[in-house]
């Protein structure tokens, strides 16, 4: 990745960051490394308030946004990214803001916004690693939404998207299970599980239902109505469980299939603030 | 206990204040986001370092302590001191309102009445005024003896009624003690946990355990918890066999994650 554009802010920060705020920043970085994300975010915010250099303020808010994102707090993440964008008067962190915004939207289950930001990052001018990241994520989102053609189009823009395309083709060749059919088949104990390929679960459900139905019939035959009522209560549980299990097994099957496809398309995507940057300069390090 | 209108009061009140310090802004923001623990820590830090404005930090500190479950008995003296010492009318008015709510929580209605009435008379903040009026109205309804010789106050409260909005009435009732305990498990699970589980031992290898799963399913999905737990029993050996998502428990045991979210993600939230 071409690091030239980051050298200028690095030099600027070297000069300006020799002040008392360094302790706060170091503490925040340590908390981030220890995965104490909420506390780290507060410390980064404190640093942003203590420092005066706009690029440091922007970087500190980006760190805070990243920490909130890791803590699963998407609303404060957005707020921090907005602040970073405002402070970033030199437009040093445009890509980072876009990526974190995309990830925030992705986590907040807002695929439209996520796709918007990933599309921004997929432009040819974006550094290659970031562009690859965006294209893969974007393709995975399209795949989740059932837009397989759009997913294929995005992967076609990758320099080497063979493995991802293969994962997409495998997904496209398979077929989802219908939860309705699963539920209907669940009326026959065990059949709902079998429909989604869960053979052992199906047999367990069949055996349990058969035993309890036998118990009901036997106690009714023997006029033991107290025992009949107790066994019936449990049988209702097993029987409704079989129907629910048929629906849930189909949903699980579809979800597992989609997860596998997503994983195949994305590969092992990771990003984190570049650990080599000890100064308050925010730069994401992307790994595949 | 999350009293949203009080947060609004604090927000309106503090953000309108001119010339506030950065650290106070951070503490307020944490408070407004419901990060009570972090807000408490931020205020303590500011107070230890002698940051100004001290009274606002103290008030914010007490308010976040209340919301993070501190006992009313512990917080009330702090609030009373702020009412006493603060020179800022709005700070002492908000502290008086919070103090009144805590006194009400401690079943001291006449003290609560005096404190909330003080907030009602002294505030210039509309939200706080409405909350104090509504709280006084509900307090007097619960304790009719407080109405004696209060015709003037009652008439002032009544004139504010046309500004009460939906939700205000429910938010101004008697504050309940902060409760961080999970919902009561019900008698079937209670019986299982107290009588059966100790006899048969800890047999569930899944996380959450089957009884926890049932309680959670009942909270989220009501009666559907019955088929959900039956499905869980049927699937349990399969989840154990697949050994996906192993978790190491505090006692060193390994359990396999099977959270309810994996089985109700397809239902409406």
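Just a few scattered comments:
- Note on residue A:89 and residue B:238: their simple-model spin labels are 6.1 nm apart, each label 7 Å out from Cα toward Cβ.
- Taking region B:98-139 and a reference point 7 angstrom along Cα→Cβ of residue B:159, the backbone N atoms nearer than 16 Å belong to B:120-126, B:129-130, B:133-134.
- Taking the longest Cα principal axis of chain B as reference, the axis of helix B:36-48 is set at about 50 degrees.
- Counting only Cα atoms, region A:192-288 measures 82, 28, 16 Å along its principal axes, largest extent leading.
- Relative contact order, percent, chain B [alpha-carbon distance under 8 Å, six or more residues apart]: 13
- q = 0.05, 0.10 Å⁻¹: log10 I(q)/I(0) that the Debye formula gives for the protein assembly as shown, counting C-alpha atoms only: -0.32, -1.08
- Label-to-label distance for residue B:147 and residue B:110 is 1.9 nm, based on points extended 7 Å past Cα in the beta-carbon direction.
- Counting 0.36 nm for each residue step from residue A:35 to residue A:188 and taking away their Cα separation leaves a gain of 50.2 nm.
- Packing-based order for A:225-233, B:245-253, using average beta carbon neighbours within 10 Å, highest first: A:225-233, B:245-253
- Residue-averaged [θ]222 nm for the protein assembly as shown, counting only DSSP H segments that reach four residues, each worth -39500 (n - 2.57): -21500 deg cm²/dmol
- For the peptides A:85-97, A:127-139, the ranking by mean Cβ contacts within 10 Å, running from highest to lowest, is A:127-139, A:85-97.
- Over all pairs of different C-alpha atoms in region B:148-269, the reciprocal of the mean inverse distance, the Kirkwood hydrodynamic radius, equals 18.5 Å.
- For chain A, built as a Gaussian network whose Cα springs stay under 10 Å, the top-fluctuating residue of A:168, A:158, A:211: A:211
- Each of B:36, B:187, B:104 was scored by other Cβ atoms within 10 Å of its Cβ. Arranged with the fewest first, they read B:187, B:36, B:104.
- Residue B:191-residue A:107 pseudo-label distance in nm [points 7 Å out on the Cα-to-Cβ vector]: 4.4
- Largest-first principal axis extents of the Cα set of region B:198-268 (Å): 35, 29, 22
- At q = 0.09, 0.17, 0.21 Å⁻¹, base-10 log of I(q)/I(0) for region A:115-226 (Debye sum, equal scatterers on each alpha carbon): -0.48, -0.84, -1.01
- Principal axis dimensions, largest first and in whole angstrom, of chain B by Cα: 70, 46, 35
- Alpha-carbon Rg/Rh ratio, for region A:27-94, with Rh computed the Kirkwood way: 0.96
- Helix B:126-142 axis, angle to chain B major axis (alpha carbon atoms, nearest 10°): 80
- In terms of surrounding Cβ atoms within a 10 Å radius of their Cβ, B:254, A:207, A:265 rank from fewest to most as B:254, A:207, A:265.
- The Rg/Rh ratio of chain A, with Rg taken over Cα atoms and Rh as the Kirkwood radius over Cα pairs, comes to 1.20.
- Take each residue of peptide A:33-45, count the partner chain Cβ atoms within 10 Å of its Cβ, and average: the result is 2.
- Peptide A:249-259, shielding by other chains (average Cβ, 10 Å cutoff): 2
- Extension reserve of the residue A:268-residue A:128 stretch, reckoned as 0.36 nm per residue once the Cα distance is removed: 48.8 nm
- Extension gain from residue B:202 to residue B:71, taking 0.36 nm per residue of separation minus the Cα-Cα distance: 43.7 nm
- Protection proxy ranking, highest mean first, for peptides B:56-67, B:119-130, A:189-200: B:56-67, A:189-200, B:119-130, where packing is the per-residue count of other beta-carbon atoms within 10 Å, averaged.
- FRET efficiency estimate (nearest 0.05) - Cβ-Cβ, residue A:157 to residue B:219, R0 51 angstrom: 0.65
- Burial ordering of A:162, A:51, A:23, fewest other beta-carbon atoms within 10 Å first: A:162, A:23, A:51
Every number here is computed from the coordinates shown, using simple stated rules; none is lab data. Worth saying up front: this structure is predicted, and the values here are computed from it rather than measured. Note that each Cβ is placed from the backbone with ideal geometry, even for glycine, and that neighbours are counted across all protein chains shown.
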